[in-house]
Amino acid sequence: MGIKFIVDNNAGKLAKWLRMIGYDALFFDGRNDADMIATALAEGRVILTRDTQIMRRRVVTTGQLEAILIKSDESELQMHQVVETLNLERQFKPFTICLECNQPLMERSKKQVKDLVPPYVFQTQSQFMECPACHRIYWRGTHWQAMTEKLQKFMKG
Ligand SMILES: [Zn+2]
């Protein structure tokens, strides 16, 4: 995936949604805008923020740094705006990034997760992914499906 994000804490929910569709989305919980800008520049990340001050910064107005001013306070509309603005629609790669810590997931065999997931899940699922940082195991269960459906709605919104 080419595009990486840094999500300001005023638009924080976007981080999880973007991870869900496979984007590296760092959540910025610091207070200092300058730190966020420095990280964005150093790591080549697009800033997502609701703060108009950031949009007036020279690095942004000159185009050195890409930033998107998020208009809505509803996460569905926010997501729609990001997808539309950057034309992300064709690049979804769900199930590749940990929703909690933004790390790329690693594929795991059924055998490897036998004692790590509930027996019912072990029996009914065939594909498993693990986060190398928090060791959470992901599978395409009902929770995942519900989230994907919600996401589809955002996109059409
Ligand atoms: Zn994790």
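Results, tabulated for the structure shown:
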{"quantity": "When each of 16/153; 13/71; 16/110; 4/110; 71/93 is checked by Cα-Cα distance, pairs over 19 Å", "calculated": "16/110; 4/110; 71/93"}
{"quantity": "Cα-centred dipole magnitude for the range 83-157, charges only on beta-carbon of K, R (+1) and D, E (-1), debye, nearest 20", "calculated": "200"}
{"quantity": "Crossing angle, helix 142-156 versus the chain [Cα axis fit, 0-90 degrees, rounded to tens]", "calculated": "30"}
{"quantity": "Linear extension gain, residue 110 paired with residue 34, 0.36 nm per residue minus alpha-carbon span", "calculated": "22.9 nm"}
{"quantity": "Mean projection area, nm², convex hull over Cα of the range 19-157", "calculated": "9.7"}
{"quantity": "Test item: Cα-centred dipole of the chain, Lys/Arg +1 and Asp/Glu -1 on Cβ, debye", "calculated": "340"}
{"quantity": "Low-density loop positions, GluC sites (Glu not before Pro), the range 29-76 - DSSP coil, at most 13 other Cβ in 10 Å", "calculated": "74"}
{"quantity": "Accessible area in square angstrom per residue, the range 1-77, 1.4 angstrom probe", "calculated": "52"}
{"quantity": "Stokes-Einstein diffusion coefficient of the range 1-99, Kirkwood radius over Cα pairs, 25 °C, 0.890 mPa s, in µm²/s", "calculated": "183"}
{"quantity": "The chain - percent of accessible surface contributed by carbon and sulfur, probe 1.4 Å", "calculated": "48"}
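The values are calculated or read from the model by the stated rules, or taken from the named source; none is laboratory data. Predicted, not measured: the structure shown is a model, and the values here were computed from it. Please note: Cβ atoms are built from the backbone with ideal geometry, for glycine as well, and neighbour counts cover all protein chains shown. Areas reflect the complete protein model, heavy atoms only, side chains present, ligands, DNA and RNA absent. Shrake-Rupley method; radii C 1.70, N 1.55, O 1.52, S 1.80 Å.
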